Every structure is written in C-alpha cells, then in structure tokens.
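The structure under discussion appears below in the form of structure tokens.
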Amino acid sequence: MRSAPLSLNCAATWYKANDIQLENSSDIELENMSNSGSTVPSDKILARLQKAFGEDRAQLVDGERFRVLNEEYRIIAFPQNIDELSEVLKLAAADNLSLIPAGAGTWLDMGNHARACDLIVSTAKMSRVLEYEPADLTATVEAGCTLATFNRKAAEDKQFIPIDPFGDDRSTIGGTIATGSYGPIRCAYGTPRDWLIGLRIVHADGQITSAGGKVVKNVAGYDLCKLYTGSFGTLGIIAEMSFKLRALPSDDSSLIFYADTARPLCDLIGRIHDSDLSPSAMELISYGSMDLPMDPSGFALAIRFLSETETALWQQAEAIRLGRMGSDLNHKLMNAQESDEFWRRYRESEISGDWETCLRISSLPAALPDTLAVIDNLLSRVHTRAHAANGAVRVLSQAIDSEVILELRNYIQQRGGSLVLIRASDDLKRRVEVWGDAGPSVSIMRQIKDRFDPQGRLNPGRFIAGI
Ligand SMILES: Cc1cc2nc3c(=O)[nH]c(=O)nc-3n(C[C@H](O)[C@H](O)[C@H](O)COP(=O)(O)OP(=O)(O)OC[C@H]3O[C@@H](n4cnc5c(N)ncnc54)[C@H](O)[C@@H]3O)c2cc1C
C-alpha cells in the first residue's frame, strides 16, 4: 500500500512550499499537518471513498497527473454525477479535508501553491451532455464534458459555444468556466461569462445550489453565474452548466500580415479598429513562438474572419486594402482548412511545455505599442502574443529574472494594468506573487470566500491574495 508515504510526502511538500526545512520527511507526524486541514491519513481517505462509491471512483494516481504540489502520488475522487459529487464533498467536510477541484487537470499549476491538498476532486467522469435543444440554441452539460466534444456534436446542427481557450481537446467546460478562460475569438464573441446562462454548483459542505437557468432570458436579481465564472474553484465545484449557443458561421478564413517590427502592424490594428471590419480574432505574434509561415525576423498579425462567405470575402478585400496603406504589408491568405488548422496550432502551442515561463499582461488596447516596446526593452529572447482587441499581451519565455518581472509589473500597474504569472517555476513563484496587486476588491473577495467556504477548504491559498 503506497498511500501511507503519500500523506508524509504531502506534508513534506507543504512544509517545503512554506520554506520550512525538513531533515527527513519520514520524521513528520501527521498531526504536524496543521494547515492540511485534516489529520485523516491518506490510506483511510482512499478506503472511505472507495467503500462509499466503488473502487473506480477514487484512485491513487501518479503525481505527474493532476500536479498541484510536488507529491509522487495523490488521491483523486472521480464522482460520476452531481449527487455523487455532493456526497464526496459531504464526506470530505466530515473529515475536514482540503480539496482541489479539477476538470482534466491540464492547468492545475496555475496560481499560488496550495496551502494544503488532501484530495483532488475531478469532474472528468461527469461528461454527459444533459440537454441539447438546437431549436432554442441552448444546451446543458456536465462539468467534465470537454468543449471539443460538445462543439463537435453541436456542429452537426451548425451551432457552437463560441469559446476557444488556450489548450487542447482535453480542456473541460467546467475548467474553462472556473478559470474564465477565453482565446482569440474573444475579439468577436466575448468571454465565457457572455454565454453561460445557468449552473449548478456543489459547495464545500456538499450542498447543491443553482444560479440562472436553462433559458436565455431569466436573470433576475444578482447574477451569480458571473461570480462563479473565473473564481478558480474557490467558491464551490461547478457540476452542470447551461449555455446559449451561436450559429456556426459558414465561412472560416484568415489573413496573416508580416512586418519586421511591431509598429506597422499596430498601425494596421488601429486602421482596422476605425473601419467597418469585424474580425473574429486578431493576434499580433512575434516570430519564434510557433511555426509560422512568415519572415523569421519579425512579427505577424493574424486576423480571422468567421462569417458568411459574402461577408468574409468583403472583409478579406477590405483588410488587404488597409494593409496596403502606409507600409504596404505582405500578406498570406488562408482558406477554411488552413485557417482552422492555424488557430488550433496557435492555441495548442501555448501549452506545449516549450516555455518555462508565461506572463499575461493586461493593459489598454491603445497602450499596446508602448507595452510591446517596454517588454522589448526589459526582456531579451522572449516571444510575445498580443490579443489586439483588448490589448492583453502574453509573454512566453524560458526562465526570466524575477527582478525584471517586478520592474515590468510596476510599470504596468502604474498605468492601471496587471501582470499575472500564467506559468512559472516554483522558484519564480516564491519571488514574484502570482496574481499581483488585486487592489481594494480583495476585501470583498475575502468576504465572499468566507461566506461560501468558511473553513477555507476549497483550493486553499491558490487564488488572488492567497484566497
Ligand atoms: C499550460 C496552459 C496554459 C493556459 N493558459 C491559459 C491562459 O493564459 N488563459 C486562459 O484563459 N486559459 C488558459 N488555459 C486554460 C485552459 O484553456 C482550459 O480552459 C482550462 O482551464 C483547463 O481545463 P481543465 O479541465 O484541464 O481544468 P483544470 O486544469 O483541471 O482546472 C483549472 C482550474 O479550474 C479549477 N476547476 C476545474 N474544474 C472545476 C470545476 N468543475 N469547478 C470548480 N473549479 C474547477 C481548478 O481548481 C483549477 O484551478 C491554459 C491551460 C494550460 C494547460
């Protein structure tokens, strides 16, 4: 039985994460796990879950999967529906267990180190499409359903949930809503908050509550769906979600413009903003961050048009005309298949593991040229990807000096923006706070957290300001 060392290992990594030196992890008494929430040994947790729900519902898995702390092994519960999820959380509450909610577990390293983790609760086996009404353009899915699976099904009826988060086909819809994740087509379709109309959530004590509903016009009073979206699993575990859908556009095409420097492309973005064009995605990408058909020394502006064919043809022609103004930029046109393939590769390359460090900088779209210039000035050998519609810049790199990140954060924050560590080594996370300064909203966030999870057992310490 390997679970006894697991609990010791868990304690050891918690101490390590908190800079407490241990000579030998086997010296640790379980009672010392004061911040782990529970003193129940891991083998007992596993046995209780398996007895209550069956052997397949709780497993001891290799720490490489669902990595939160650096344990070799970890226990994961895989409830199969909302009622089982509620029972798992009641059992965990009775033992005062600290929980990490998860979907597919692809992005669990985002955020601060967890203060404790007795159990991961994954929705990966809650993956059914519960209702789908093409005529109403609405659907209800379980949290573990992947976006790729649902959108493949909805494509048969020429519909989709218009969200394209960074990552690959494994991302669950629950994980996407919990993180408020969006991708390039935010430019035209907004964020997950705009498409979620209702959800059911299980709270830390196992209680099930609902917000919103299954029809489009039903929001009365405070819209809790918006509160849960992007709360990173700190308020409850999302079990089911209802969405409004969009009709799938009949045409998909993209244009890539090239230039040696970012400046002429930023100018083109400005001309596009001032025009009647409505691109679905518009990303400014520096060379080397992915395999691009472009000049190896410069930048590319990739623009996507998801629309009806006639509109798409007009938009392409207009964008090319605007590209000729000023610097007469070179361009390449991609057909539907090339376009789809390009954007899929773009989103997947973000999570390729080629980058040790990923920063997300949010500032005003008008500040984009200045933000890029400052990054270029402070950081060498990094790649940048900018979401031209909202000015968010992602910096991909190997190790970056913590002092330089702090200087960059200072510059950005002074101008009302923010810098978040999307991916970073343990060492960098110790030197640079992951989320940055959240400002006065922190005290409200703490009060909400205290109301929803008074014992602080859900994702302890991982969110903004250690919430
Ligand atoms: C390397 C990498 C980089 C990424 N970068 C970005 C980015 O910059 N911007 C962006 O918007 N998205 C980003 N994503 C997020 C990704 O696009 C997914 O949408 C999603 O967050 C991962 O899905 P998952 O099922 O694997 O979630 P997981 O990795 O399992 O969970 C992600 C987070 O959501 C919580 N969570 C998961 N499911 C639930 C649930 N049902 N209820 C409550 N909480 C839950 C977890 O506790 C965790 O904090 C990135 C993903 C990866 C792998």
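The values are calculated or read from the model by the stated rules, or taken from the named source; none is laboratory data. Because the structure is a prediction, the values reported are computed rather than measured. Here Cβ is always computed from backbone atoms with ideal geometry, including for glycine, and neighbour counts include all displayed protein chains.
Listed values, structure above:
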read-out	value
Scan of segment 87-106 for residues that are aliphatic (A, V, I, L, M) and either away from the ligand (no atom under 12 Å from the Cβ) or more than 21 Å from the chain's Cα centre (by Cα) (or both), ordered by number	Val88, Leu89, Leu91, Ala92, Ala93, Ala94, Leu97
Test: residue in segment 448-460 that is assigned to a loop (DSSP other than H, G, I, E, B), in contact with a Phe, Trp or Tyr (Cβ under 7 Å, 6 or more places away or on another chain), surrounded by 15 or more Cβ atoms within 10 Å (Cβ to Cβ) and not small (Gly, Ala, Ser)	yes
Failed item, numbered, when Ala92 is tested on (1) in contact with a strand residue (DSSP E or B) (Cβ under 9 Å, 6 or more places away or on another chain); (2) closer than 30 Å to Val432 by Cα	(2)
Criterion (surrounded by 13 or more Cβ atoms within 10 Å (Cβ to Cβ), over 23 Å from Asp118 (Cα atoms) and at pLDDT below 95) met by exactly one of Ile464, Ile412, Ile405, Ile400	Ile400
Single residue of segment 196-207 satisfying the filter (within 14 Å of the ligand (Cβ to nearest atom) and among the aliphatic types (A, V, I, L, M)) that is surrounded by the fewest Cβ atoms within 10 Å (Cβ to Cβ)	Ala204
Qualifying residue in segment 263-278 (condition: of a type in the set (D, E, K, R), without any contact (Cβ under 8 Å) to a residue 24 or more places away in the chain, more than 16 Å from the ligand (Cβ to nearest atom) and surrounded by fewer than 17 Cβ atoms within 10 Å (Cβ to Cβ))	yes
Any pair with Cβ under 9 angstrom, 6 or more apart, that starts in segment 284-297 at a residue that is outside any loop (DSSP other than H, G, I, E, B) and ends at one that is surrounded by 18 or more Cβ atoms within 10 Å (Cβ to Cβ) and modelled with pLDDT under 75	Ile285/Leu292; Ile285/Met294
Qualifying strands (runs of 3 or more DSSP E) (wholly inside segment 316-400; at least 1 residues being closer than 30 Å to Ala424 by Cβ)	357-362, 383-387, 392-397
Matching option when the condition is outside any loop (DSSP other than H, G, I, E, B) and either surrounded by 19 or more Cβ atoms within 10 Å (Cβ to Cβ) or in contact with a strand residue (DSSP E or B) (Cβ under 8 Å, 6 or more places away or on another chain) (or both), among Ser231, Ser210	Ser210
Residue ID - surrounded by the fewest Cβ atoms within 10 Å (Cβ to Cβ), chosen from residues in segment 60-88 that are modelled with pLDDT of 90 or more and out of contact with any helix residue (DSSP H, G or I) (no Cβ under 8 Å at 6 or more places or on another chain)	Asp83
Residue list for segment 41-66, filter: touching a Lys or Arg at 6+ places or on another chain (Cβ under 8 Å) and aliphatic (A, V, I, L, M)	Leu49, Leu60, Val61
Selection status of Ala300, crowded, with 21+ Cβ neighbours inside 10 Å and modelled with pLDDT under 95	yes
Residue, surrounded by the fewest Cβ atoms within 10 Å (Cβ to Cβ), within segment 159-195, restricted to residues that are farther than 21 Å from Ala104 by Cα and among the charged types (D, E, K, R)	Asp194
Total residues in segment 235-256, condition touching a helix residue (DSSP H, G or I) at 6+ places or on another chain (Cβ under 6 Å), of a type in the set (S, T, N, Q) and within 16 Å of the ligand (Cβ to nearest atom)	0
Count of residues meeting criterion [touching a residue at least 40 places away in the same chain (Cβ under 8 Å), in contact with an Asp or Glu (Cβ under 9 Å, 6 or more places away or on another chain) and farther than 22 Å from Ala281 by Cβ] in segment 389-422	7
